[in-house]
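> Let me begin by handing over the structure; questions about it come next.
What follows draws every value from the coordinates through simple rules; no lab data is involved. Since we're looking at a predicted model, the values are computed, not measured. We place every Cβ from the backbone using ideal geometry, glycine too, and count neighbours over all the protein chains shown.
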Amino acid sequence: MNRVASLPASAGNGCGHLDLPPGLPETYTTLGSFTEWFRGSGGPMLMYHKLGPTPSGVRLRGLYVATRLFRRQLTELAAEGYRSADPGELLSSAGPGERRMVLTFDDGFENVLRLGLDPLRELGFQAIQFLVPGLLGRTNEWEQREGEVAERLMDDFQVRDWILAGHSIGAHTVNHPHLTRIPIEEAREEIRASRAMLEDRFNVRIRHFCYPFGDWSPAVRDAVAEAGFETACTTEPGLNRPNGDPRCLRRLTARHASRKWRNLGTLLRVWRAAIRRP
Ligand SMILES: [Zn+2]
């Protein structure tokens, strides 16, 4: 029996994917409690943004993953037999005993190229970066408008280095707008042009899309399909099912353990120590 098909469908958004079950952490730090759940799916998709130390003054600290933690996560996944897959591969059932996962990086930050290439190569993984072609070589202007610290985005040469290292790229619109807050005609153009610009500049086929801010609607999803994208990633947590909608794929945010889960861990340790006491 196909284990994946036997799992219950997600109630969310009619996409047919799987919601995060109660009891699991909302973000991914280590395989730990995710182990069994991952085995019953086509494979997890992890979402990263920035690698390296968190600069002072950063608002969204969770978007930075320390290089040491990134390497630890890849080491653990490699030891468990996971291999990198393309987002489209998650839409077919995994073979018996096959363990695959997708590593995604949103926005095309330069720190991912600088700090991520070595651990990815050493542990044999490939990743996809979703790029904002209107801002290549510039900075995260959409985040700075909200008061965030500036971070460099890869320029054309760096994107070529990324591709030459065996990794792939996808589209994330031209300028990183909220696609449901602009007229649908404008959204269509942001989606269509991002694909055309990346294909022209880098001479690779662009098949995968990622919604900026995870902001999408059925009309936006249709525009992504019309533009010829095979898949699109959301920021909704969960796992993907082979027969689910390929243009609202679920991902898990990879980050250091959140305070909530760290505190829970501390509480459990204290509790265990207390019951062990005579
Ligand atoms: Zn983004």
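> Over the chain, what relative contact order in percent results from Cα pairs under 8 Å that are six or more residues apart?
24
> Something else about it: Where does the Debye-calculated log10 I(q)/I(0) of the range 39-98 sit at q = 0.30 Å⁻¹, using only Cα point scatterers of equal weight, no solvent?
-1.27
> With both partners inside the range 18-276, how many of the DSSP beta bridges are antiparallel, as a percent to the nearest 5?
Looking only at bridges with both residues in the range 18-276, the antiparallel portion is about 15 percent.
> Sticking with this one: How large is the convex hull of the Cα atoms of the range 167-264 per residue, expressed in Å³ as a whole number?
132
> Tell me, what does the Kirkwood hydrodynamic radius of the range 66-162 come to in angstroms if you use every pair of distinct C-alpha atoms?
Averaging 1/r across every pair of different Cα atoms and inverting gives 14.9 Å.
> Using the Karplus equation 6.51 cos²θ - 1.76 cosθ + 1.60 (θ = phi - 60°), what ³J(HN,Hα) coupling, rounded to whole Hz, does each residue of the range 190-202 give in order, writing x for Gly and Pro?
Values, residue by residue: 4, 6, 4, 5, 5, 5, 4, 5, 5, 5, 5, 6, 10 Hz.
> Considering amide H positions built from the backbone, and no H for Pro or chain starts, which residues 5 or more places from H17, or on another chain, come under 5 Å of its amide H?
S10, D245
> Sum -39500 (n - 2.57) across every DSSP H segment of at least 4 residues in the chain, then divide by the residue count to get the 222 nm mean residue ellipticity, nearest 500.
-10000 deg cm²/dmol
> Based on a Kirkwood Rh over C-alpha pairs, give the Stokes-Einstein translational diffusion coefficient of the range 94-218 at 4 °C and viscosity 1.567 mPa s in µm²/s.
The calculation lands on 85 µm²/s.
> Report, to two decimal places, the Cα Rg of the range 125-194 normalised by 2.2 N^0.38 Å (N = number of residues).
Its radius of gyration relative to the 2.2 N^0.38 Å reference: 1.20.
> Express the Stokes-Einstein translational diffusion coefficient of the chain in µm² s⁻¹, to the nearest whole number, given a Kirkwood radius over alpha-carbon pairs, 25 °C and a viscosity of 0.890 mPa s.
126
> Here is a follow-up. Give me the net charge of L131's neighbourhood, meaning all other residues with Cβ under 10 Å from the Cβ of L131; Lys, Arg count +1, Asp, Glu -1.
Once positives and negatives cancel, what remains is -1.
> Between D156 and R61, how high is the FRET efficiency from 1/(1 + (r/R0)^6) when r is the Cβ-Cβ distance and R₀ = 30 Å? Nearest 0.05.
0.50
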